[in-house]
Amino acid sequence: MELDNEDKVELLDALCDQIVTAIGVAHMFGMNIQGALQEVANSNDSKFEDGKPVFNEQGKIAKGKHYFKPNLERFV
């Protein structure tokens, strides 16, 4: 997909607005969004094997043998 620079700026602005909104909502409810994001990132990293993604038949990144589901309960 090709976007000109002006469209990229608009897209980036919209993405930043979404992130700021999500962080604000989490804060309003007393959630530890920073910790939760780190937990999700660690879980996503656990899908990799030897630093490389493993793909399933549909081309989607599969869960590796060291995968763990993120435990978000402690960040609520």
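Read the figures in this text as sums done on the coordinates, not as results from a lab. All figures in this text were calculated on a predicted structure; none of them were measured in a lab. Don't worry about glycine lacking a Cβ; one is built from the backbone with ideal geometry, like all the others, and counts go over all protein chains shown.
Quick check: is even one residue across the stretch 4-27 part of a helix (DSSP H, G or I), in contact (Cβ under 8 Å) with a residue 12 or more places away in the chain and surrounded by 11 or more Cβ atoms within 10 Å (Cβ to Cβ)? Among the residues of the stretch 4-27, not one is part of a helix (DSSP H, G or I), in contact (Cβ under 8 Å) with a residue 12 or more places away in the chain and surrounded by 11 or more Cβ atoms within 10 Å (Cβ to Cβ), which makes the answer no.
Entry remark, the stretch 28-41: residues being surrounded by 13 or more Cβ atoms within 10 Å (Cβ to Cβ) and without any contact (Cβ under 8 Å) to a residue 12 or more places away in the chain number 2 in total. Residues that are among the hydroxyl-bearing types (Ser, Thr, Tyr) and assigned to a loop (DSSP other than H, G, I, E, B) were ranked within the stretch 35-74; the one that is nearest to residue 23 (Cα to Cα) is 46.
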